[in-house]
Amino acid sequence: MMGFIPMQKKKVVVTGFGPFRGFEDENPSSVVIDELKKTGIDDVDLELHKITVAYEDVSKKVPELWNEHQPDLVIHLGVHPVSKTIKFEQQAFSDGYCSNDVNGCTPEGNRTTCSSQEEVLKSCIDCDQLVINVTERCGLDGEKKYGGLIVKKSEDPGRYLCGYSYFLSLHEDCSKSLFIHVPAFEGECTKEAVAEVIRETIKSILGFC
């Protein structure tokens, strides 16, 4: 008689960023990491990491996470200034990284350190469909639910550490990479609410009911 073989959990790496200009005390992306650590996700082996807002650290850490964990999915989280809006970033850029990081540095040639010759890399994850799926899963109405929190697609993650880290992961595997921008918390758009949407986003990408 054959024994029962349990389903292997999906390995998902999620990163957030530490403090930087405008968010010196607390970066909401790191707070979401803390919330995910509290509750986890059923049938998912979560690897949660916080990365310093520094080009050198990101250049080392992102490839290390891919090599060490061989993940089924990598989600990078960062904060952006648009209130009550979570953005799924469809693509990232290879150059234009002219803004100083927390150490006062920029990358050599203002370019990412990976070997890609492409100027733009796109995620194979369909962000248009993901918006539809997550809006439905979470019942986001743009008005009452979670204080009017919505999700939307974006095609410009910026030319700072957010876009920089995303390009590195897209170079590793564009079918398993996504960057998500999260807003600052306000009113009913709480850290718990944002973390719940991120959990449902991960489950949607993985095809979990």
Report yes if some residue within segment 104-122 is more than 22 Å from Ile202 (Cβ to Cβ), over 18 Å from the mean Cα position of the chain (by Cα), among the acidic types (Asp, Glu) and not in a loop (DSSP other than H, G, I, E, B); otherwise report no. yes
Search result, residues across segment 107-150 that are over 29 Å from Ser83 (Cβ atoms) and touching a helix residue (DSSP H, G or I) at 6+ places or on another chain (Cβ under 6 Å): Pro107, Thr112, Thr113, Cys114, Ser116
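Here is a yes/no grid of residues against (1) out of contact with any Ser or Thr (no Cβ under 8 Å at 6 or more places or on another chain); (2) buried (at least 19 other Cβ atoms within 10 Å of the Cβ); (3) aromatic (Phe, Trp, Tyr); (4) not in a loop (DSSP other than H, G, I, E, B):
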residue	(1), (2), (3), (4)
Gln129	yes, no, no, yes
Leu140	yes, yes, no, no
Pro157	yes, yes, no, no
Leu168	no, yes, no, yes
Cys174	no, no, no, no
Enumeration of residues in segment 142-155 that are surrounded by fewer than 20 Cβ atoms within 10 Å (Cβ to Cβ) and on the phi > 0 side of the Ramachandran plot: Gly142, Gly147, Gly148
Taking segment 32-47 on its own, how many of its residues are buried (at least 19 other Cβ atoms within 10 Å of the Cβ) and part of a strand (DSSP E or B)? 2
If a residue must be among the charged types (D, E, K, R), closer than 16 Å to Ala184 by Cα and touching a helix residue (DSSP H, G or I) at 6+ places or on another chain (Cβ under 6 Å), how many such residues does segment 50-92 contain? 1
So in segment 1-60, with the set limited to residues that are closer than 18 Å to Lys176 by Cβ and basic (Lys, Arg), which one is modelled with the lowest pLDDT? Lys9
Segment 83-103, subset of a type outside the set (S, T, N, Q) and under 16 Å from the mean Cα position of the chain (by Cα), residue surrounded by the fewest Cβ atoms within 10 Å (Cβ to Cβ): Phe93
Does segment 159-170 contain any residue that is of a type outside the set (Phe, Trp, Tyr) and without any contact (Cβ under 8 Å) to a residue 60 or more places away in the chain? no
Within segment 55-64, work out how many residues are surrounded by 15 or more Cβ atoms within 10 Å (Cβ to Cβ) and either acidic (Asp, Glu) or in contact with a strand residue (DSSP E or B) (Cβ under 9 Å, 6 or more places away or on another chain) (or both). 4
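The values are calculated or read from the model by the stated rules, or taken from the named source; none is laboratory data. All figures in this text were calculated on a predicted structure; none of them were measured in a lab. Neighbour counts run over all protein chains shown; Cβ positions are idealised from the backbone, glycine included.
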